[in-house]
Amino acid sequence: MIKSSEFKEAEELLEEVESWSEEEVEELPKFYREKAREYREWKPGEE
């Protein structure tokens, strides 16, 4: 089961990723860059 503190932390991380500019995302290593773009496209309720 996911703890509410873990859920809160995940929400905060998603908010941070969404706030990054495309230039900031471009500077990330490839794996993180791809994941950041996936997270930015993800919307709650979608799977």
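The values are calculated or read from the model by the stated rules, or taken from the named source; none is laboratory data. Please read all numbers here as calculations on a predicted model, not as lab measurements. Cβ: placed from backbone, ideal geometry, glycine included. Neighbour counts: every protein chain shown.
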Inset, instruction - Tally the residues that are part of a loop (DSSP other than H, G, I, E, B) and either surrounded by 10 or more Cβ atoms within 10 Å (Cβ to Cβ) or modelled with pLDDT under 90 (or both), restricting the search to segment 3-35. - result: 4
Inset, instruction - State all residues of segment 36-47 that are among the basic types (K, R) and either exposed (fewer than 13 other Cβ atoms within 10 Å of the Cβ) or at pLDDT below 85 (or both); if no residue qualifies, say none. - result: R40, K43
Inset, instruction - Determine the pairs where a residue that is under 21 Å from R37 (Cβ atoms), located within segment 1-20, has a partner that is surrounded by 11 or more Cβ atoms within 10 Å (Cβ to Cβ) and among the small types (G, A, S) with Cβ atoms under 6 Å apart, the partner being 6 or more residues away or on another chain. - result: V17/A36
